[in-house]
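This report refers to the structure that appears directly beneath it.
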């Protein structure tokens, strides 16, 4: 039922209002004395060198891609788990086959060194 | 009517939770102090009990500093995402069964949706955005590194978190959190059936909430403050607030999934009358929650921090296979016993 979700939207709205109010309360209650040094990027007291908008390790992208692959498969397992008892041995073996295929991919990922961090 | 009832419940719950969070910070400081043979905050009020008030007042009166080179809009948006997600997850946690006011049955669950577990997992995935965006928008190298590490860590452990729950879902056959509680209130708690699943879940929950030993995103000695280095005042406070709220949410999830939720064994709730029963359930739930939160703090002040490669190795090469084995083992045993 869609009406069941009204409280959820309300809850999220309350959270967002809380965040917006608290995130801007310092504008009203706090002092306001900006200087160039105060607004510069913090780099442990040194003059900031270049910007932070630089290239970073490709491994982070790899982890993100692998996450999507595995996470979709986990979401797929949820309906199966909820109906597990009515599916019986047939459902179990189906899932076993699915997991074996998943593990072949997992083995390949590890052998390729995609999860190797130095 | 539904909306008004829900809004009242939401406001009451949010006030309760925010108060608890404020005192959790004090509790954490006290616990860390006693573990390190110090006294901890004891100046503000009797035994330092008004310390949280002083902390909030200090944060509120700070100057708001937004770095000149930061992306202003996303810098402001990131803490709002974090707190929205953290508070939103509370909507499906069953703190007690129901109360009766004027002959009307009022459920104490804010939103009784049939996808409770899935909803919480979805929100905890969204939580990554708050941290990653804050790291990127600050235009600071420490923040960027903290945000990147955090997103990689959270999504890695999200997998084990999701998989470890499947065992519980198989046993109880539902994603609805109050039905999972009901299923346990008659018989044994799920932790008896799912010890390995629980261990995986606890470890993943620590990583999801960025708590030690998995707090690499904000590892102070190397990254200053990590993703919130460039935040000040209440915006910084919002990150803190959402971290503690997340801790409450994951502890509450553990209580509900593995420790029987608000139920106690051998208690006949129908003999107590609805309102008294609800009170007992409420107290029971928060007592269990308190114990688990104490464990969170205990671990934080006991274990040293992991190295990043160790963290990723544990997540992908130990937790994930363990969770899959647990899932298959649970299935095989359940079918063999049928």
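The values are calculated or read from the model by the stated rules, or taken from the named source; none is laboratory data. Treat the numbers as computed from the prediction; the structure is a model and nothing was measured. All Cβ positions, even for glycine, are placed from backbone atoms using ideal geometry, and neighbour counts span all protein chains on display.
Which of the numbered conditions does residue B:105 fail, given that it passes all the others? Conditions: (1) outside any helix (DSSP H, G or I); (2) modelled with pLDDT of 85 or more.
Unmet for residue B:105, out of (1) outside any helix (DSSP H, G or I); (2) modelled with pLDDT of 85 or more: (2).
For region B:108-158, how many residues meet the condition of being assigned to a helix (DSSP H, G or I) and out of contact with any helix residue (DSSP H, G or I) (no Cβ under 7 Å at 6 or more places or on another chain)?
So the count comes out to 2.
Within region B:57-64, can one find any residue that is more than 7 Å from chain A (Cβ to nearest Cβ), within 20 Å of the chain's Cα centre (by Cα) and under 26 Å from residue B:127 (Cα atoms)?
The answer is no; no qualifying residue exists.
Does residue A:39 satisfy being facing another protein chain (nearest Cβ under 7 Å), without any contact (Cβ under 8 Å) to a residue 12 or more places away in the chain, outside any helix (DSSP H, G or I) and surrounded by 11 or more Cβ atoms within 10 Å (Cβ to Cβ)?
Against the criterion (facing another protein chain (nearest Cβ under 7 Å), without any contact (Cβ under 8 Å) to a residue 12 or more places away in the chain, outside any helix (DSSP H, G or I) and surrounded by 11 or more Cβ atoms within 10 Å (Cβ to Cβ)), residue A:39 qualifies.
Residue by residue through region A:77-92, note down the ones that are surrounded by 12 or more Cβ atoms within 10 Å (Cβ to Cβ), more than 7 Å from chain B (Cβ to nearest Cβ) and assigned to a helix (DSSP H, G or I).
Of everything in region A:77-92, those that are surrounded by 12 or more Cβ atoms within 10 Å (Cβ to Cβ), more than 7 Å from chain B (Cβ to nearest Cβ) and assigned to a helix (DSSP H, G or I) turn out to be A:79, A:80, A:87, A:91.
Being surrounded by 14 or more Cβ atoms within 10 Å (Cβ to Cβ) and not in a helix (DSSP H, G or I) is the filter here, so list the residues in region B:289-305 that pass it.
B:301, B:305
Given B:30, B:9, B:47, which one is surrounded by 15 or more Cβ atoms within 10 Å (Cβ to Cβ), part of a helix (DSSP H, G or I) and free of Cβ contacts under 8 Å to residues at least 24 places away in the same chain?
Just one listed residue meets the conditions, B:30.
Taking residue A:47 as meeting all but one of (1) more than 25 Å from the chain's Cα centre (by Cα); (2) surrounded by 11 or more Cβ atoms within 10 Å (Cβ to Cβ), write down the number of the exception.
(2)
Taking region B:314-324, which residues are at pLDDT 85 or above, at the interface with chain A (Cβ under 10 Å from one of its Cβ atoms) and either loosely packed, with under 15 Cβ neighbours inside 10 Å or farther than 16 Å from residue A:103 by Cβ (or both)?
B:317, B:321
Of all residues in region A:55-76 being in a loop (DSSP other than H, G, I, E, B) and either more than 30 Å from residue B:142 (Cα to Cα) or more than 7 Å from chain B (Cβ to nearest Cβ) (or both), which is farthest from the chain's Cα centre (by Cα)?
A:55
Got a sec? Which helices (runs of 4 or more DSSP H) wholly within region B:176-285 have at least 2 residues that are touching a strand residue (DSSP E or B) at 6+ places or on another chain (Cβ under 8 Å) and within 28 Å of residue B:97 (Cα to Cα)?
none
State whether one or more residues within region A:2-12 are more than 26 Å from the chain's Cα centre (by Cα) and either over 30 Å from residue B:93 (Cα atoms) or more than 8 Å from chain B (Cβ to nearest Cβ) (or both).
yes
Could you count how many residues in region B:50-65 are in a loop (DSSP other than H, G, I, E, B) and under 15 Å from residue B:232 (Cβ atoms)?
Residues meeting the conditions: 5.
If you scan region B:33-44, which residues turn out to be without any contact (Cβ under 8 Å) to a residue 60 or more places away in the chain and farther than 25 Å from residue B:236 by Cα?
B:34, B:37, B:38, B:39
If you check B:146, B:116, which single one turns out to be more than 9 Å from chain A (Cβ to nearest Cβ), touching a residue at least 40 places away in the same chain (Cβ under 8 Å) and over 17 Å from residue A:10 (Cα atoms)?
B:146
Residues to consider are B:94, B:67, B:52, B:79; find the one that is more than 9 Å from every other protein chain (Cβ to nearest Cβ) and either over 30 Å from residue A:83 (Cα atoms) or surrounded by fewer than 18 Cβ atoms within 10 Å (Cβ to Cβ) (or both).
Matching residue, one of B:94, B:67, B:52, B:79: B:52.
Of A:52, A:16, which residue is facing chain B (nearest Cβ under 7 Å) and either in a helix (DSSP H, G or I) or under 30 Å from residue B:1 (Cβ atoms) (or both)?
Going through A:52, A:16 in turn, just one is facing chain B (nearest Cβ under 7 Å) and either in a helix (DSSP H, G or I) or under 30 Å from residue B:1 (Cβ atoms) (or both): A:16.
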